[in-house]
Ligand SMILES: [Zn+2]
């Protein structure tokens with residue numbers, strides 16, 4: 001799933017290509033991806049694209065007073081295309097295309113929103129204000145906002161009885177951090193994902209805050225200037241523990257381990273994060289009973 005750094009890079013990429021351009025046509029293909037119907041997305045035709053911005057993991061493309069807000073979810077992606085045909089694409093079957101935006105001009109350029117797989121989560125909204133999208137209205141502060149400091153972070157965690165892993169990826173606490181970067185931030189902070197947020201010492205909170213900023217800024221820096229099509233590969237390359245079960249930790253060489261949940265998994269390094277002890281894996285222990 002694209003998280004803050006990838007959506008940030010995508011925002012910059014689209015800003016360069018979209019702002020100032022006129023939309024020729026919006027073609028919804030997978031109707032299930034459309035979460036709003038009034039106004040219909042077809043009214044974007046003829047409007048000029050304004051700023052492209054990010055809210056957490058949401059992409060927000062402004063055009064003529066309306067906002068096309070996109071959440072790419074687990075398997076959604078944006079592909080920039082040249083020479084898009086004027087004819088509408090055919091829906092159905094295994095076609096991953098969900099929505100096509102074609103721009104005016106001789107090149108027939110624009111972009112496709114696609115989604116692979118069967119679990120559909122891609123969400124597209126057309127609204128007058130981005131905050132009309134419930135997921136945007138709920139967002140906590142953005143960790144890359146220059147005004148987001150250690151004291152604010154400390155306040156978010158105080159009294160929070162959940163495990164820090166879950167807190168970091170809760171969009172209403174912090175905007176933009178998901179499963180991958182919460183693993184990376186905790187590894188950089190040398191902290192167990194199971195630690196209760198409220199139990200963090202002042203020093204640990206400061207270390208985590210530092211790791212949060214550094215990890216995200218480094219990832220944004222790596223992604224900057226990359227084309228939309230290259231971002232996913234770059235994200236994979238840059239991750240130290242997430243998705244690397246069984247591989248050596250690049251910091252200490254210990255084997256990266258995994259804890260599995262019903263619909264996700266987390267990865268961590270025992271030596272760096274849990275004093276060398278493997279975390280209990282409930283699914284595994286249940287199987288062993
Ligand atoms: Zn390690």
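Against the chain, whose longest principal axis is taken from its Cα atoms, helix 202-223 shows a tilt of about 40°.
Determine, for 165, 120, the number of other Cβ atoms within 10 Å of each Cβ, and report the residues in order from fewest to most. Don't jump to the answer; show the numbers that get you there.
On the way: 165 22, 120 16.
Ranking 165, 120 by Cβ neighbours within 10 Å, fewest first, gives 120, 165.
Cβ crowding within 10 Å, taken as a proxy for footprinting-reagent exposure, orders 1, 191 from fewest neighbours to most as 1, 191.
Relative contact order for the range 4-52: what percent, with Cα pairs under 8 Å and sequence separation of 6 or more?
Working: 43 pairs, mean separation 25.3, N = 49.
Averaging sequence separation for qualifying contacts and normalising by length gives 52 percent for the range 4-52.
Take every pair of alpha-carbon atoms less than 8 Å apart whose residues are at least six positions apart; their mean separation over the length of the chain yields a relative contact order of 18 percent.
Any chance you could give the angle, 0 to 90 degrees and rounded to 10, that helix 4-18 forms with the longest Cα principal axis of the chain? That helix lies at roughly 20 degrees to the long axis. The angle between the Cα long axis of helix 179-188 and the longest principal axis of the Cα atoms of the chain comes to about 40 degrees, rounded to the nearest 10. Reducing the range 194-220 and the range 102-148 to their Cα centroids gives an inter-centroid distance of 27 Å. Of the residues 151, 115, 210, which exhibits the maximal mean-square fluctuation in a Gaussian network model of the chain defined by a 10 Å Cα contact cut-off? Top of the fluctuation ranking is 151.
Restricting to Cα pairs below 8 Å that are 6+ residues apart, what does the relative contact order work out to for the range 187-286? Please round to a whole percent.
Answer for the range 187-286 is 25 percent.
If we count other beta carbons within 10 Å of each Cβ, what is the order of 252, 272, fewest first? Could the numbers behind the result be given before it?
Numbers: 252 12, 272 23.
Ranking 252, 272 by Cβ neighbours within 10 Å, fewest first, gives 252, 272.
With the convex hull constructed from alpha-carbon coordinates only, the range 154-261 shows a mean projected area of 7.4 nm² over all directions.
Taken together, the values in this text are just the output of simple stated rules run on the coordinates, not laboratory data. Since the model is a prediction, treat every value here as computed from it, not as a measurement. Glycine also receives a Cβ, built like all others from the backbone with ideal geometry; neighbour counts cover every protein chain displayed.
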